[in-house]
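Trainee: There's a structure below that I have some questions on.
The values are calculated or read from the model by the stated rules, or taken from the named source; none is laboratory data. The model shown is predicted, which means the values in this text are computed figures rather than measured ones. A quick note on method: Cβ atoms are made from the backbone with ideal geometry, for glycine too, and the neighbour counts reach across all protein chains shown. Protein only, heavy atoms only, side chains kept; ligands, DNA and RNA dropped before computing areas. Shrake-Rupley method; radii C 1.70, N 1.55, O 1.52, S 1.80 Å.
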Amino acid sequence: MLRITGRLFSGKFICRACLQKQHVQKLLSTDSSTPRMCIIGSGPAGFYTAQALLKGDKSLHIDIFDRLPVPFGLVRYGVAPDHPEVKNVINQFTALAEGGRCSFIGGVSIGSDVQVKELLDAYSAVVLSYGAASDKLLNIPGEDLPGLYSARKFVGWYNGLPEDVELNPMLDTDTAVVIGHGNVALDVARILLTPADVLSKTDITSNAVRALKQSKVRRVHVVGRRGPLNIHFSIKELREMLKLPDCRPILHPADFEGFDAMIPDLPRPKKRITELMMKTARGATSSPERERPESSLREWHLDFFHNPIEILSSSSSSNGRVSGVKFEINQIKDIDGKESLVPTGETDVIPCGLVLRSIGYKSVHVDDFIPFDHEQSIIKNEQGRVAGIQGLYCSGWVKRGPRGALLSTLSDSVETAKCMLDDLSSGRIDTTKTNCQEKILSILSKRGETAHSFYSLNSSEMTQSLHRIA
């Protein structure tokens, strides 16, 4: 990572003193005649889109902008530290950034440091791939109490996201409640229950390891308002939870009544994970006291049909921190031939001192120039072409919503790139624009903004750099 005191070419830094040299003048000439596009967001969607574009047209050059000073987005800051195999894609992205036709420019916020219209005026085409940087809310009383955190910020904390390193979550409680039944919900539950000496062997931040060593959390409830057939976590994530050392899973057999008859008709992936949950439930205790045997240091509960209606506070605490979550109990009923989730009128309270909200992310409207669907929190688009604006495209979560793993992000990005390549060949994209990157860097310089380049770091060096920044 370097501060820009000169210009960026092909991902490398060139100081002002070198600009008079003949070989640099040659680079300037090459830059002027090469069709140049830019991508906003350096996460998987951004890099996959760049990869497809560069593969589809050998004359293109791509500039990737990001608000963070370093690249890779959720691959670096959103993937659990004990899932290094998922992060291996960083090596692929690094090779792309060092390949000579892709430049990274970090520390630039779109909509504030530079406007989308300015990027469109400078570049032949612009792709918005800035992901989902905000959270869906519960919108219930007590959601702002100390001790409640979004899972997104908790993940950012243990992964070293600069804006979240000072989160300092309250881990001085024996019970935590995670609201949500997705992969992120199981990720944060697993981090809370995994021994710190095991986590220390991963690339989790040292700050998080120190805090987790002092953590008193021994019981985690992973709670959702729907039933076992509506969970959104994968069987891989469930198996990891079932293999946690000194940790007992608790699922309730009553939640699976009548499921034996349904199992044969379920799609294979749903069948496998449902059978695993049933097997676990029938081998686990379902006592209402939920007492832990002495042989288990920790336990986690998978609770269904619980709809949160209030975050409770402690009257004995001076800061009014979280003391529990009140839930309305749901049930599934057939209404007009359709299965519907309806309240039973019963409630349940789970006492706890820590709550993690994991009900989903949403994209934000970063620039009024962008046509945005506020109800779905996505950019209005057709297969990646932004509605009504020629030369503007989108990919990833800001295009389709925050769902799917890397494979779906790859296919989504390829779809956007194909549309762009079709528009390029049909002449709908203006390829006559020159000195694109220089124009934007000049705008940033005049506004006193500092950008950062990707300076040929290998994976090990990049990890060290990220930790230094954190």
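Trainee: If the reach is capped at under 13 angstrom between alpha carbons, list the aspartates and glutamates near Lys117, excluding any in the same chain fewer than eight residues apart.
Mentor: Cα-Cα hits under 13 Å: Asp367, Asp368.
Trainee: Antiparallel as a % of all DSSP beta bridges within the chain, to the nearest 5?
Mentor: Details: 32 of 72 bridges.
Percent antiparallel among DSSP bridges in the chain is about 45.
Trainee: Tell me the carbon and sulfur percent of the accessible area for segment 97-218, rounded to whole percent, probe radius 1.4 Å. Please list the in-between numbers first.
Mentor: Values: 1970 of 4210 Å².
The computed percentage sits at 47.
Trainee: Okay, helix-only estimate at 222 nm for the chain: each DSSP H run of n ≥ 4 adds -39500 (n - 2.57), divide by all residues, round to 500 deg cm²/dmol; what do you get?
Mentor: Details: 17 runs with 156 residues, N = 470.
Counting only the DSSP helices, I get -9500 deg cm²/dmol.
Trainee: Next question. For the chain, return all DSSP H helices satisfying: extent of Cα atoms along own axis at least 27 Å; mean Kyte-Doolittle hydropathy at least 0.0.
Mentor: Details: long enough: 406-426 (30 Å, 0.29).
Length and hydropathy pass: 406-426.
Trainee: Where the only charges are on Cβ atoms (+1 Lys, Arg; -1 Asp, Glu), what is the dipole of the chain about its Cα centre, to the nearest 20 debye? All intermediate terms of the calculation are to be shown ahead of the outcome.
Mentor: Working: 57 positive and 54 negative charges, 287 e Å.
Computed charge dipole of the chain: roughly 1380 debye.
Trainee: Leaving out ligands and nucleic acids, and using a 1.4 Å probe, what accessible area per residue does the chain come to in Å²?
Mentor: Values: 21150 Å² over 470 residues.
Spelled out: the 1.4 Å probe surface of the chain, per residue, equals 45 Å².
Trainee: Relative contact order of the chain, please, whole-number percent, based on alpha carbon pairs below 8 angstrom and at least 6 residues apart. List each step's numbers first, then the result.
Mentor: Details: 935 pairs, mean separation 121.9, N = 470.
Over the chain, the number comes to 26 percent.
Trainee: May I pose another question? What are the lysines whose alpha-carbon lies under 28 Å from the alpha-carbon of Lys201, with same-chain residues fewer than 8 places away excluded?
Mentor: Result set, ordered by chain and number: Lys87, Lys153, Lys213, Lys216, Lys236, Lys243.
Trainee: Could you work out the relative contact order of segment 58-109, using alpha carbon pairs under 8 angstrom and six or more residues apart, expressed as a whole percent? The partial results should precede the final answer.
Mentor: Values: 52 pairs, mean separation 33.0, N = 52.
Relative contact order comes out at 63 percent.
Trainee: Given contacts defined as C-alpha pairs under 8 Å and at least six residues apart, what's the relative contact order of segment 324-424, whole-number percent? Walk me through the intermediate numbers first.
Mentor: Values: 120 pairs, mean separation 17.8, N = 101.
18 percent.
Trainee: Could you please put Phe47, Phe369 in sequence from largest to smallest accessible area, using a 1.4 Å probe? Walk me through the numbers on the way to the answer.
Mentor: Values: Phe47 0, Phe369 75 Å².
In descending accessible area the options line up as Phe369, Phe47.
Trainee: Here's a follow-up. Roughly what % of Cα-Cα distances in the chain sit above 44 Å, to the whole percent?
Mentor: Numbers: 23129 of 110215 pairs.
More than 44 Å apart: 21 percent of the Cα pairs in the chain.
Trainee: In units of 2.2 N^0.38 Å, what is the alpha-carbon radius of gyration of segment 35-89?
Mentor: Details: Rg = 12.6 Å, N = 55, 2.2 N^0.38 = 10.1 Å.
Normalised Rg, Cα atoms only: 1.25.
Trainee: Mind jotting down the three principal axis lengths of segment 87-216 based on Cα atoms? Whole angstrom, largest first.
Mentor: Rounded to whole Å, the extents work out to 56, 39, 26 Å.
Trainee: Let me ask another. Can you give the accessible area of Leu312, probe radius 1.4 Å, in Å² rounded to 10?
Mentor: 40 Å²
Trainee: Quick one: how many Å² of Lys333 are accessible to a 1.4 Å probe, rounded to 10?
Mentor: 100 Å²
Trainee: Ok, one more. Let me test this: with uniform point scatterers at the alpha carbons of segment 219-262, what is the Debye-based log₁₀ I(q)/I(0) at q = 0.24, 0.26 1/Å?
Mentor: -1.13, -1.23
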